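The next block holds one structure in the form of structure tokens; read it before the comments.
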Amino acid sequence: MTATPAAEQPPALAPARPRDPRRWLILGVICLAQLVVILDNTILNVAVPTLTDDLGATTADIQWIINAYVLVQAGLLLAAGAAADRYGRRRLLLAGLAVFGAGSLAAGLAHSTAQLIAARAGMGVGGALLLTTTLAVAVQVFDEDERVRAIGIWAAVNALGFAAGPLVGGVLLDHFWWGALFLVNLPVVVLGLCAVAVLVPESRAEQSHRPDLPGALLSTVAMTALVYAVVSGPEHGWSSAQVLLGAVVGACALAAFVAWERHFPHPMLDMSFFSNRTFTGAVFGALLITFGSGGALFLLTQQLQFVLGYGPLEAGLRTAPFALTVVLLNFTGISARFSTRLGIPGAVALGMTLLACGLAAVAVAGRLVDGYGGLLAGLVLMGVGCAFANPAMAVAVLGSMPREKAGAGAGIEGTVTEFGSGLGVAVLGAVLSARFSALVPVTAASLPAALAAADSGAERATVTRAFGSALETGQLVGAAAVLIGGLVAATLLRRAERGAAPVAVPVTDPA
């Protein structure tokens, strides 16, 4: 007789825990820590010319300065989540703040590109600890009735940080030198350390086993190598030796990680979770939604600057409605109320359909509506879709795992988010490049190179129109991927819901 996987067993009835009266204040503290981590994913995008002038950074240096943070962070997320469950989420949250603060100080005071790259890698270590422990703490301090709204607010802060990075970077560079982009984190880190020490209760897994060090090492190598291959693909070519080597190393390490986790008695990631349709559907949906939104925003910034002629700060301001819509719907609780009525599968299906419609609207806006109006409508639709789908999928991932594995669940959610966003940028960027190369009869690797090779104003206009057409193709590919992925994920979640016992239904009477 085959045992039912632990992830699908209904939880035993237990007395309801009293609500922590400080829970919303705790959420504010962890969201503040989350905000600075997400900001540093995009805040350097506007500082490339400054770093080139002040530090003499080459193109390769700039790539490593930006990617060192993402690579280290993505590689350590699974290990950080498992460590938080074992050693204590509050303890790891404090450690993450301290490491992130030390890395920010070192980056702000760096005098060479090598020092800055090393400091950014240190910040990535702290960021990995913070990304997993903030969500795990939220799962612990909120009960079933309030968890959807709390995770919705957490997701809204993610969207706000991602969209606000270039804006914050632009404002700081207008008044200070580039080191201020990192030193601005220090007051937040100090405030966070004090608040976490006073407010956040300690929690850890009830059963403590010896750490899965081989699993942690293999997962770190696998995710770092795979993300490196994805990030490097558009820059060096998908058939280049370093991209192929990264993909091969990542795939081999991932296969070894799965084999090890299946046989280790106390694995960092229990592979039986993937037999749970709820877990699998939510992970698949999270991968596709970050693929679409991350890749689309990457293409949109180029559309605003190269096709519509906006400056960097103006382009950043015009992408803000996407994040502001997510923030508005989540902070007001509107998305949580609708998600409760629709259920997790319904919220995922509706959210990802709206996101796909928004991506398609952004793609064809230039042909249907003059000016910014069409883009604005598409961005708002994208924001509404993310506001419904993102929290629902996070709740599904964490809800399908035992409560004591909240850190591991947060690590999985964070890993999928990082990998999906990087994959979206790489794949949709490759679609853009392939379509542009097919339309432009010159051997140019980018729009600026093609414009420089044009001999007249008419040729430059033709090149710009071709680039706009290539952008449209890439965005439509992203929209199709999100729509198909959303329907598949919702179907898996619906089947899991029908096949599961009716558990975890909110009630008002403790009896």
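The values are calculated or read from the model by the stated rules, or taken from the named source; none is laboratory data. These numbers come from a predicted model, not from an experiment. For neighbour counting, all protein chains shown are included, and Cβ atoms are generated from backbone atoms with ideal geometry for every residue, glycine included. Ligands, DNA and RNA are stripped out before the accessible areas are found, and what is left, the full protein with its side chains, is counted by its heavy atoms. Shrake-Rupley method; radii C 1.70, N 1.55, O 1.52, S 1.80 Å.
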Specify, per residue and in Å³, the volume enclosed by the convex hull of the alpha carbon atoms belonging to the range 335-394. 62 Å³
Shape call for the range 173-295 from the C-alpha gyration tensor, a ≥ b ≥ c root eigenvalues: rounded (a/c under 1.5), prolate (a/b greater than b/c) or oblate? oblate
Rounded, prolate or oblate: pick one for the range 235-292, where a ≥ b ≥ c are the square roots of the eigenvalues of its C-alpha gyration tensor, a/c under 1.5 means rounded, and failing that, prolate if a/b is larger than b/c, else oblate. oblate
Between residue 180 and residue 238, with labels modelled 7 Å along Cα→Cβ, what's the label distance in nm to one decimal, could you check? 4.2 nm
So what are the ³J(HN,Hα) numbers for the range 88-100, from phi and the Karplus equation (6.51, -1.76, 1.60; θ = phi - 60°), rounded to whole Hz, Gly and Pro as x? x, 6, 5, 4, 6, 5, 5, 5, x, 4, 5, 5, 5
Span from the the range 66-124 Cα centroid across to the the range 313-377 one, whole angstrom: 31 Å
What list of ³J(HN,Hα) couplings, whole Hz, do you get for the range 179-194 from phi and the Karplus terms 6.51, -1.76, 1.60, once you set θ to phi - 60° and write x for glycine and proline? x, 5, 4, 9, 5, 5, 6, 5, x, 5, 5, 4, 4, x, 4, 5
Test item: Cα-centred dipole of the range 221-369, Lys/Arg +1 and Asp/Glu -1 on Cβ, debye: 420 debye
Enumerate the calculated ³J(HN,Hα) couplings along the range 212-229 in order (Karplus 6.51 cos²θ - 1.76 cosθ + 1.60, θ = phi - 60°), each rounded to whole Hz, writing x wherever the residue is Gly or Pro. 8, 5, x, x, 4, 5, 5, 5, 5, 5, 5, 5, 4, 5, 5, 5, 4, 4
Note down the accessible area of residue 31, probe 1.4 Å, to the nearest 10 Å². 10 Å²
Residue-span extension gain [residue 197 to residue 25] - 0.36 nm each, minus C-alpha spacing: 60.6 nm
For the range 277-338, just say rounded, prolate or oblate: build the C-alpha gyration tensor, square-root its eigenvalues into a ≥ b ≥ c, call rounded for a/c under 1.5, and beyond that prolate if a/b exceeds b/c, oblate if not. oblate
What size of dipole, in debye to the nearest 20, comes out for the range 69-154 about its Cα centre when the only charges are +1 on Lys and Arg C-beta atoms and -1 on Asp and Glu C-beta atoms? 280 debye
Residues residue 437 and residue 491, FRET efficiency given R0 of 45 Å [Cβ-Cβ distance, rounded to 0.05]: 0.75
How far apart, in nm, are the 7 Å Cα→Cβ label points at residue 272 and residue 111? 5.7 nm
The range 282-311-the range 213-257 distance, computed between alpha-carbon centres (Å): 23 Å
